[in-house]
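Please treat every number below as a calculation from the coordinates, not as lab data. Quick caveat, the model's predicted, so the values are computed rather than measured. Counting neighbours? That spans all protein chains shown, and the Cβs are built from the backbone with ideal geometry, glycine included.
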Amino acid sequence: MSTSETLLTPQQLQSYQQNGFLVLPQMLRATKLQNLQQLAQHSLQQRLEPLELEANLGYPGAPESLTTSGGKTVRRLLCATERDSAWKDWATSPTIKRCLQQLFAQPDITLSQTHHNCLMTKSPAYSSDTGWHQDIRYWSFERPELISVWLALGQEQPHNGGMWVIPGSHNWQYNASQFDQKTFFKDDLAANQALISQQQPVLLNPGDVLFFDCKLLHRASRNHSTQTKFSLVFTYHSNDNKPIAGTRSAELEELLL
């Protein structure tokens, strides 16, 4: 797909600004998609460091420890841009760059190699539930203006741990009491429940791409299907929005698209 074919329409840009997310169907097709699917399967089998295990996080549904059944289940293969040129080529492609230039309304786009930059997996047996949260809680930048790009390598729906979002939540004002000590959005708080009632699933087919704002509230359940779910996820910002020195966000060199 050429860059000219991926120009976002005014309607798509308005939808993103209003809702905080945008799905572009079939951005990756046929042979390229199949190659990335095969690479994902092979990479998970190899289990090369650095990686993140479900048991490391301890979310609901995850194995209790590294020594219990399923304790070595992989959640994410980290540093994807350094693992294989095919992943880096996708993450830094002209197609992605052009979409982000429009969404940020900035010409110079940078990929963070610290945040996301991963193959995200969900095992059918030992995956976990992730509560409502904003990704910006993990990150330290001059401005909370980042976009994540999520490529579905297979079908994603609620049954296999697909994402749920609350449209427009990236524009809401919050106070600290709405979040717990781990900065998850409390689902037992009456005021929050009224907002959570607006949730909707993000349904993705293989090759679909989800763009979403770092302030968008989202969650996902464990995988209840019989097949592992694979997604490639990368995070970007405009080049004039720098990571704050001395924080985790500034640990790794960034890539200018």
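Worth a mention:
- Total lysine pairs in region 121-257 at Cα distances under 19 Å, for residues eight or more apart or on different chains: 4.
- The distance separating the Cα centre of region 106-177 from that of region 200-214 comes to 10 Å.
- Environment charge at THR81 (Cβ cut-off 13 Å; Lys +1, Arg +1, Asp -1, Glu -1): -3
- Among the chymotrypsin sites (Phe, Trp or Tyr not before Pro) in region 1-97, none sits in a DSSP loop with a Cβ that has at most 13 other Cβ atoms within 10 Å.
- Value of D in µm² per second that Stokes-Einstein yields for the chain, Kirkwood Rh from Cα pairs, at 4 °C (1.567 mPa s): 69
- Computed per residue of the chain from DSSP H runs no shorter than four, each worth -39500 (n - 2.57), the mean residue ellipticity at 222 nm is -6500 deg cm²/dmol.
- Charge-dipole axis of the chain as Lys and Arg at +1 and Asp and Glu at -1 on Cβ define it, positive-most pick from CYS79, HIS170, LEU151: LEU151
- All aspartates and glutamates inside 12 Å of LYS97 as judged from Cα atoms, apart from same-chain residues fewer than 8 positions distant: ASP89, ASP108
- Local electrostatic count, VAL209, Cβ distance below 12 Å [Lys/Arg +1, Asp/Glu -1]: -1
- Two-decimal Rg to Rh for region 111-228 - Kirkwood Rh, Cα set: 0.95
- Unit charges on C-beta of K, R, D, E only; dipole of the chain, Debye: 360
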